[in-house]
Structure formats: structure tokens, C-alpha cells
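Chemist: Before anything else, here's the structure in question.
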Amino acid sequence: MGGAKEPPRYQADPLFTDLPQPSHRAPGYYAEPLFTELPHQADQTSTGAVEAPFHELPKPSPGATALSPVAFGPHSLTPKQYIATYSPEQWEEFVLEWVLGLKKENYVGVVGLGGAYDHGADVAAFLTRRKTDGPWHCYQCKHYKSPLRPATAYPEMFKIIWAVAEKKYRVFPERYCFVAPMIGTTLEQLLVKPEKLREEFLLWVTKHTNRLADDYGKDAFRRTLALARRTDFSRFEAPTLEQILEQHAKSRYHVARFSTPLPPRPPKVPLPAELAAHESLYVQKLLAVYEEKFGCLRTRPEQAQAHPTAKGNLQRQREAFYRAEQLRTFCRDSVPPGTFATLQQAFYSGVKEVEEDDFETGWERLKAVLAAARDMQLARNQLFDTVEPEDRHGICHQLANDDDEDQLTWVRKGV
């Protein structure tokens, strides 16, 4: 029994029920760190070869998205009530969304563990590109029917200490977070007294010496115990569900997961007086329309800006484009990845048939496509309900601004 054994897997209990209602928190626009910064800790083990048990986490499954029908009403569940119905796998996915929301403030990477054993971590978040060879945070997901107690936490704490002692990780995670819907009072009180927590943990180890030595191997057990005695137990933490939900509400996943209302859109931004490089393609297509209809040379935009009709039209189209760009940014911060692309595709599918029709002039084609976009029927859902008429026109210009040959254009030579 001299060699180190892989640790046993600890199974989650059945789901918990009957959580209290949460207090309402209005979602914001950005994720903020849950914790205040701590100084990075020096390596506490030797620098031998270390396993690489990580793989990139899959993105949260689409499930309900912001393009799904809204589910508001007096009988809708609160986020806490939804969480009460989760399986352990759904809870881990929710935690992943939360950590990804924190990533934009703190982390250069977020990964999950590969293989049959997690080596004490369900989710690992890196503060540097050195990953677990540098400062990192560990998230351990627990979804039980009852509050998380020390008897359940101690085996996981032993596992992460074992993983460092056996060089599965080169350094300890600076923070090790138990992420559970409910944290028991006893564990909660111990977590704010690190020295007491270590004393109680070591007492637990003493009571279970034989089993732990058998599970991990006698030599590995001794190394783990020696490391535990000199480990700073202030790294062990447990955020409350209220804290987690408050921060998840600021992520792009919250609206889709819990069918909550979208945050209000920001006000319009002033239109830049000068044409920007990123809008050159759709503007060139508009200038081709003005050249055909009004005789304004497309190589000289100032002619269109001086023409009484072309000037006003160009102004409106640019305002619509910038409003749609603002909607794109709003979606980036408020709804899951790919949502805005799905919205664009819906408009593309709705107006492309019109754009391909025969028209005498590009002016007529432009007007017909914008009218089709304005009048398009969209299924009622959380994102579509926030789309304004100006957004509809702007999305058409976003599609025209794509250099894909199959995207929208107004003047067709030889047609």
C-alpha cells in the first residue's frame, strides 16, 4: 500500500426542496468579482512533473434562450425555486455560467476536469496563463437536499490537499469555493475561523485515519496529513446562493435561464459626424444608390451629404446602423452567445427573398427591403420584444456591411 491510490468518488445526495423566496435584485450589465483580491501565494510544493487533468469546459447548453417564448406570469418560479428542481448536472452547468460571468473580470481561462477523477475541483479558473502552475481558483459543486455540512466538506478538502501533496497540482488554489444552494450553519461558522476549521478537519482525519489510509494509500495519506497541518485554511470559502444569484443576474445567461425581463437598453449614442472604417461597405452600397438615383458620385460622399434627399436618407440609415450595433453590444452583455446572430439570421431569411426580386432601381430595392424588415412578424420572445423599428433597418445594413457575396446589396449592375 505504499503507492498513491486514486481517491474515491463522493456521490451527491438527492435534490433538496422547499427553498425560501429570494429577494429581488435588478440585473446589471457586467459581472463583478465575488471576492476581494488576495495576494498571490508562493508555490508550496516542489516543482516536479504535474498532471494536466483539465479540458476546456463545453459552453452552457442552449436550453431556453432569449429567443424562446417568454415565460412570465404569476405562476412563474423564482430563480431559487428553479434551482431547487435541478439535478447535480444542471447545478454544475449553472455554476459554470456563474463562473464564466466572473471570468470577464478576473480570469484568463475557465476549465473543467477530464478523466474519471476530478482531483478535488469541478471548475478551475485561472488568474494567469500559467493555469494551475500559477494562481488559480477552485469551485466544488454540491447540490444536496440538505445544507452542506462539515462531514460532507471534509472529504473534498482532504482530496484537494492530497492532489497538491501528490503533485496533481503544482500549487494550491488561492481560493477553494464550495458552491452549494445551502450552506449549513456549522460549516458557515467554521469557514470564518480558519484555524478552528483546520483543527476540526484534523480531528476528522484522526477519526477516519484507517479508511483514508486505505483509500489513498498509507504513504500518500501521511504526505497529505503533513501538508494539511501547514496549510492556510483561509482559502476555503462558501458564497451564499444570494451572492451567486446576484452575480449571475449580471451575466449574459440569467435572462435565458430564468426567463426574467431583459435589463433596459441604454440610450442612443450621438452619431459620429465622420464615416468610420467599420461602416464603409454598407455606406458604399448606399452611395451607389444615390449615384444611380441622384447622380451623386459614390467616390465623393460629400456630394451625397450635400444633396437634400440623399443627405437625410444617409443620416437615417447611419443612425439605424449604429442603433443596431448598440443592440449587438446589448446582446453581448445580456443574452447567451449566438443570440444576436440568430436574430440577424431571422431578418436575413425574411428580407432576402424581397432583395432578390426585380426592381427598376437600387432605391426601390432598398425601400422594399426596409419595409419588409419593418413589417416582418416575429414570434413574441424576450429579445424580439426589445427590437425597435430602427433596429430592423439597422440590421439590414449590418447584413449589407458583410463582405459575403450572398449578403444584401441594393444596386445590381446588368439587372
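Chemist: Looking only at region 169-200, which residues are among the hydroxyl-bearing types (Ser, Thr, Tyr), surrounded by fewer than 19 Cβ atoms within 10 Å (Cβ to Cβ) and within 31 Å of the chain's Cα centre (by Cα)?
Modeler: Matches in region 169-200: THR185 only.
Chemist: Output yes when any residue across region 386-396 is open to solvent by 30 Å² or more (accessible area, probe 1.4 Å), of a type in the set (Asp, Glu), in contact with a helix residue (DSSP H, G or I) (Cβ under 6 Å, 6 or more places away or on another chain) and within 23 Å of PRO264 (Cβ to Cβ), and no when none is.
Modeler: Scanning region 386-396 turns up at least one residue that is open to solvent by 30 Å² or more (accessible area, probe 1.4 Å), of a type in the set (Asp, Glu), in contact with a helix residue (DSSP H, G or I) (Cβ under 6 Å, 6 or more places away or on another chain) and within 23 Å of PRO264 (Cβ to Cβ).
Chemist: Report whether or not GLN407 is modelled with pLDDT under 95, more than 28 Å from the chain's Cα centre (by Cα), crowded, with 17+ Cβ neighbours inside 10 Å and under 17 Å from HIS278 (Cα atoms).
Modeler: yes
Chemist: Kindly check whether there is at least one residue in region 262-269 that is out of contact with any Asp or Glu (no Cβ under 8 Å at 6 or more places or on another chain), assigned to a helix (DSSP H, G or I) and closer than 14 Å to GLU325 by Cβ.
Modeler: Within region 262-269, none of the residues are out of contact with any Asp or Glu (no Cβ under 8 Å at 6 or more places or on another chain), assigned to a helix (DSSP H, G or I) and closer than 14 Å to GLU325 by Cβ.
Chemist: Are any of the residues in region 172-186 more than 30 Å from LYS80 (Cα to Cα) and not in a strand (DSSP E or B)?
Modeler: yes
Chemist: So in region 326-367, with the set limited to residues that are open to solvent by 50 Å² or more (accessible area, probe 1.4 Å) and of a type in the set (Val, Ile, Thr), which one is farthest from PRO270 (Cα to Cα)?
Modeler: If we take residues in region 326-367 being open to solvent by 50 Å² or more (accessible area, probe 1.4 Å) and of a type in the set (Val, Ile, Thr), then THR342 is farthest from PRO270 (Cα to Cα).
Chemist: Here's another thing I want to ask about it. For region 297-316, name all the residues that are open to solvent by less than 90 Å² (accessible area, probe 1.4 Å), closer than 13 Å to GLN284 by Cα and part of a loop (DSSP other than H, G, I, E, B).
Modeler: Of everything in region 297-316, those that are open to solvent by less than 90 Å² (accessible area, probe 1.4 Å), closer than 13 Å to GLN284 by Cα and part of a loop (DSSP other than H, G, I, E, B) turn out to be LEU297, ARG298.
Chemist: Restricting region 236-282 to residues that are among the β-branched types (Val, Ile, Thr), under 24 Å from the mean Cα position of the chain (by Cα) and more than 17 Å from PRO336 (Cβ to Cβ), which is least open to solvent (accessible area, probe 1.4 Å)?
Modeler: Across region 236-282, the extreme among qualifying residues is ILE244.
Chemist: Can I ask one more? Is region 101-110 home to any residue that is open to solvent by less than 30 Å² (accessible area, probe 1.4 Å), part of a helix (DSSP H, G or I) and modelled with pLDDT under 90?
Modeler: yes
Chemist: While we're looking at this one, here's another question. For SER280, which of the numbered conditions (1) in a helix (DSSP H, G or I); (2) touching a helix residue (DSSP H, G or I) at 6+ places or on another chain (Cβ under 9 Å) fails to hold?
Modeler: With respect to (1) in a helix (DSSP H, G or I); (2) touching a helix residue (DSSP H, G or I) at 6+ places or on another chain (Cβ under 9 Å), SER280 is out only on (2).
Chemist: Restricted to region 310-346, and to residues that are in contact with a Cys (Cβ under 7 Å, 6 or more places away or on another chain) and not polar (S, T, N, Q), which residue is farthest from HIS248 (Cα to Cα)?
Modeler: ALA310
Chemist: Return the residues of region 143-168 that are in contact with a strand residue (DSSP E or B) (Cβ under 8 Å, 6 or more places away or on another chain) and either surrounded by 23 or more Cβ atoms within 10 Å (Cβ to Cβ) or not in a loop (DSSP other than H, G, I, E, B) (or both); say none if nothing qualifies.
Modeler: Of everything in region 143-168, those that are in contact with a strand residue (DSSP E or B) (Cβ under 8 Å, 6 or more places away or on another chain) and either surrounded by 23 or more Cβ atoms within 10 Å (Cβ to Cβ) or not in a loop (DSSP other than H, G, I, E, B) (or both) turn out to be LEU148, ALA153, GLU156, MET157, ILE160.
Chemist: With (1) assigned to a helix (DSSP H, G or I); (2) open to solvent by less than 50 Å² (accessible area, probe 1.4 Å); (3) not basic (Lys, Arg) as the list, and THR231 as the residue in question, which single condition is left unmet?
Modeler: Looking at each condition in turn, THR231 falls short on (1).
Chemist: Six or more apart or on different chains, Cβ atoms under 7 Å: show the pairs whose first residue is in region 260-286 and within 15 Å of GLN305 (Cα to Cα) and whose second is open to solvent by less than 80 Å² (accessible area, probe 1.4 Å) and outside any loop (DSSP other than H, G, I, E, B).
Modeler: Listed by first residue and then by second, the contacts come to LEU271/ARG318; LEU271/GLU319; LEU271/TYR322; LEU275/VAL283; LEU275/PRO301; LYS285/ALA400; LEU286/LEU314; LEU286/GLN317.
The values are calculated or read from the model by the stated rules, or taken from the named source; none is laboratory data. In this text, all values refer to a predicted model and were calculated from it rather than measured experimentally. Neighbour counts are summed over all protein chains in view; Cβ atoms, including those assigned to glycine, are modelled from backbone coordinates with ideal geometry. Please note that ligands, DNA and RNA were not included when accessible areas were found on the heavy atoms of the full protein model with its side chains. Shrake-Rupley method; radii C 1.70, N 1.55, O 1.52, S 1.80 Å.
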